[in-house]
Amino acid sequence: MNAPEPHPAFDRPLPSWSCAWGGIWRLTAGRWLNLRHAANLVGMIALLVLIAYVSSRWNRPFTEARYAGWICSFYLGFVMPILVLISGGGAIRDDMKPGTADYLFTRPVRRPVYVSFKYLAHMACTQADYLLALAVLTGFGVLRGAPGMISAAPLLLLAQVGGIAAYEALGILFGVLTSRYVIVGLGYIAIVEFGIGNIRTQINQMAIARQVRSLAPVYSIQTGARTCDWQAAVSAAGILAAACVLLIAIAGTIFSFREMAGGQAREDGL
């Protein structure tokens, strides 16, 4: 006599990484494809262009070296770190809300895998946003009389990609650790990026901004000529890549032990 077949209600669904990635990507990208996000992006870019215009009028003469320096210091060194870090923390924190957690974390996908896929999907969308912002800033520089910005754009893009990848991973880690990720993130940027990162010792290498600047073009103070230390750039790229892997690994490990509040329960504030 044959054994009875298991009832479909008791069959455990098998995890599928491709299906998990597809679902996470659709959920993440769907939040980008709406009018509210488009309006916020346009507003951010318009504000950056306005600040760039005021800066170019203040710092005369307008040269490629000065404008690229402004992009590296203000845009890549100040605006991007804050916004990307907060965005990364908010992305993972949204998925930890009671209603969302009930839906997401009953799926047969291990939490470290979910964190990794969430990071990749959210980072890809963030890269697209800031690619547009950098393209507009580069175009503004060309229109203002710095045609060399076109040839400098690939190095600036490389620095931007590396910076977004690292700050996004750090933001997700802060979001996993605490609901107060904004305060923690701003404190980190103030202490590590702006504080330790500007100390003229080897300890400043722990700042992400220091590695990002190693990927960006360097201009001679005397001649304004653009150079790039490729050895330092390769080293910085390796450090940023290793930092991203380490940060997401830590975030995934911590996330796997987190207890999610279900139903209408209040968030615990941790």
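The values are calculated or read from the model by the stated rules, or taken from the named source; none is laboratory data. As the structure is a computational prediction, the values presented were derived from the model and not from experiment. Cβ atoms come from the backbone with ideal geometry, glycine included; neighbour counts cover every protein chain shown. Only protein heavy atoms, including side chains, enter the accessible area calculation; ligands, DNA and RNA are left aside. Shrake-Rupley method; radii C 1.70, N 1.55, O 1.52, S 1.80 Å.
Rundown of residues vs (1) modelled with pLDDT of 95 or more; (2) over 29 Å from Leu35 (Cβ atoms), yes/no style:
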| residue | (1), (2) |
| --- | --- |
| Ser87 | no, no |
| Pro98 | no, no |
| Lys118 | no, no |
| Gly145 | no, yes |
| Leu158 | no, yes |
| Leu173 | yes, yes |
| Val176 | no, yes |
| Ser179 | no, no |
Check: Out of curiosity, is Arg210 open to solvent by 30 Å² or more (accessible area, probe 1.4 Å), touching a helix residue (DSSP H, G or I) at 6+ places or on another chain (Cβ under 6 Å) and without any contact (Cβ under 8 Å) to a residue 40 or more places away in the chain?
Finding: yes
Checklist line | Number of positions in the stretch 116-134 that are surrounded by fewer than 16 Cβ atoms within 10 Å (Cβ to Cβ) and touching a Leu at 6+ places or on another chain (Cβ under 9 Å) | finding: 2
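Yes/no matrix, rows are residues, columns are (1) without any contact (Cβ under 8 Å) to a residue 40 or more places away in the chain; (2) open to solvent by 60 Å² or more (accessible area, probe 1.4 Å); (3) within 18 Å of Ala146 (Cα to Cα):
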position	(1), (2), (3)
Gly30	yes, no, no
Leu35	yes, yes, no
Gly43	yes, no, no
Leu48	no, no, yes
Phe62	no, no, yes
Tyr67	no, no, yes
Ile71	no, no, yes
Phe78	yes, yes, no
Ile92	no, no, no
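Just wondering, is there one or more residues in the stretch 162-174 that are open to solvent by 50 Å² or more (accessible area, probe 1.4 Å) and either farther than 19 Å from Asp94 by Cβ or assigned to a helix (DSSP H, G or I) (or both)?
Applying the first criterion (open to solvent by 50 Å² or more (accessible area, probe 1.4 Å)) to the stretch 162-174 yields none.
Within the stretch 162-174, not a single residue is open to solvent by 50 Å² or more (accessible area, probe 1.4 Å) and either farther than 19 Å from Asp94 by Cβ or assigned to a helix (DSSP H, G or I) (or both).
Would you check if Ile239 is free of Cβ contacts under 8 Å to residues at least 40 places away in the same chain and in a helix (DSSP H, G or I)? First the steps, then the outcome.
Values: free of Cβ contacts under 8 Å to residues at least 40 places away in the same chain: yes; in a helix (DSSP H, G or I): yes.
Criteria met by Ile239.
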Next item on the list: Considering each of Ile191, Ile150, Ile183 in turn, give the residue that is over 27 Å from Gly252 (Cα atoms), open to solvent by 30 Å² or more (accessible area, probe 1.4 Å) and assigned to a helix (DSSP H, G or I).
Entry: Ile150
